[in-house]
Amino acid sequence: SQELEQSPQSLIVQEGKNLTINCTSSKTLYGLYWYKQKYGEGLIFLMMLQKGGEEKSHEKITAKLDEKKQQSSLHITASQPSHAGIYLCGADRLSGSARQLTFGSGTQLTVLP
Amino acid sequence: DTEVTQTPKHLVMGMTNKKSLKCEQHMGHRAMYWYKQKAKKPPELMFVYSYEKLSINESVPSRFSPECPNSSLLNLHLHALQPEDSALYLCASSPWGVSQPQHFGDGTRLSIL
């Protein structure tokens, strides 16, 4: 089964600082997703990466998938309190004709004002 | 605002009660999912429906009974639950096919007394 390891487990940064969250897979990634979750709420889709070397950005968040497609990183530039939450990476796992999504353990981000 | 609507937001029930969780989406997605999320853990897949047919059951106990009456609705019927079933239950939907992001509802917070 696909195993995703995220690091760090938690991160506390001062507002305005940059930060990076990593997601490492034990298998080749065919679809890698980043989600954000506020405590007790649903997951908000951030970005999807499919191709090795692919990089996508939205506002101050950039996600990359390395060439070998076994690691992804999420970088936040000039963090703000609104960036606080739990960041989850997820990977596609095919099971027969159905798709499944398995998640990393998550990274809890706190941004201090 | 989420495009996947879950009701109720909170539910408290006794172990002998029967209740149902509801999920609705109007994005034309033909795949729908139920996840269970315990505190400080990532979501775990329970069921996958594709074109209103059950595709995946991740060895979920029979006290959880899913139902997909049409392409927009997904229900989760609950009966004789245990205290360890207390969790956040998340519904998601996606277009059918490989590498399509899933869109999540805000979840139902379930507490079993």
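Laboratory data are not the source of any read-out in this text; all were calculated from the coordinates shown. This is a predicted model, so every value here is computed, not measured. Ideal geometry is used to build each Cβ from the backbone, glycine not excepted, and the neighbour counts take in all protein chains shown.
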> Can you pull out the cysteines in chain B that have no other Cys Cβ under 4.7 Å?
Replying inline: B:68
> What is the Cα convex hull volume of the protein assembly as shown when expressed per residue in Å³?
Replying inline: 120 Å³
>> Take residue A:50 and residue B:39, extend 7 Å from each Cα along the Cα→Cβ direction, and tell me the distance between the two endpoints in nm.
In response: 4.0 nm
> Relative contact order for the stretch B:49-106: what is it in percent, counting Cα pairs under 8 Å that are at least 6 residues apart?
Replying inline: 22 percent
>> With the cut-off at 21 Å, tell me which of the pairs A:38/A:60; A:69/B:40; A:51/B:36; A:38/B:38; B:19/B:40; A:51/B:40 have Cα atoms farther apart than that.
In response: A:69/B:40; A:51/B:36; B:19/B:40; A:51/B:40
>> Quick one: 3J(HN,Hα) in Hz for the stretch B:78-90, Karplus 6.51/-1.76/1.60 with θ = phi - 60°, rounded, Gly and Pro as x.
In response: 10, 8, 6, 6, 10, x, 6, 7, 4, 5, 8, 9, 10
> Amide H to amide H under 5 Å from residue B:12: which residues, 5+ apart in sequence or cross-chain, H placed 1.01 Å off N in plane?
Replying inline: B:111
>> Through the Karplus equation 6.51 cos²θ - 1.76 cosθ + 1.60, θ set to phi - 60°, convert the phi angles of the stretch A:52-61 into ³J(HN,Hα) values in whole Hz; use x for Gly and Pro.
In response: x, x, 5, 9, 10, 10, 9, 6, 9, 10
>> At a threshold of 8 angstrom on Cα-Cα distance, excluding pairs fewer than six apart, so keeping six or more, what relative contact order does chain B reach in percent?
In response: 38 percent
> Among the aspartates and glutamates, which have Cα under 12 Å from the Cα of residue B:9 when same-chain residues fewer than 8 positions away are ignored?
Replying inline: A:41, B:106
>> One quarter of the convex hull surface, Cα atoms only: what value does that give for chain B in nm²?
In response: 6.8 nm²
> Across the residues of A:30-37, average count of Cβ atoms on other protein chains within 10 Å?
Replying inline: 3
>> Largest first and in whole Å, what are the equivalent-ellipsoid semi-axes of chain A based on the Cα gyration tensor, each being the root of 5 times an eigenvalue?
In response: 24, 15, 12
> What trypsin sites (Lys or Arg not before Pro) does the stretch A:44-113 have in DSSP loop regions with at most 16 other beta carbons within 10 Å?
Replying inline: A:51, A:60, A:68
> How many nm is it between the label spots at residue A:66 and residue A:22, if each spot is 7 Å from the Cα in line with the beta carbon?
Replying inline: 0.7 nm
>> Under a Cβ-only charge scheme (Lys and Arg +1, Asp and Glu -1), can you give me the dipole magnitude of the protein assembly as shown about the Cα centre, in debye to the nearest 20?
In response: 220 debye
> Taking Cα centroids, how far is the stretch A:34-61 from the stretch B:1-73 in Å?
Replying inline: 23 Å
> When only alpha-carbon atoms count, how far does the stretch A:1-66 stretch along each of its three principal axes, as whole angstroms with the largest first?
Replying inline: 34, 24, 21
>> Given R₀ = 41 Å, what would the calculated FRET efficiency be for residue B:19 paired with residue A:108, taking r from the Cβ atoms and rounding to 0.05?
In response: 0.85
>> With a cap of 14 neighbouring Cβ atoms within 10 Å, and only residues DSSP puts in a loop, list the trypsin sites (Lys or Arg not before Pro) found in the stretch B:32-113.
In response: B:38, B:40, B:63
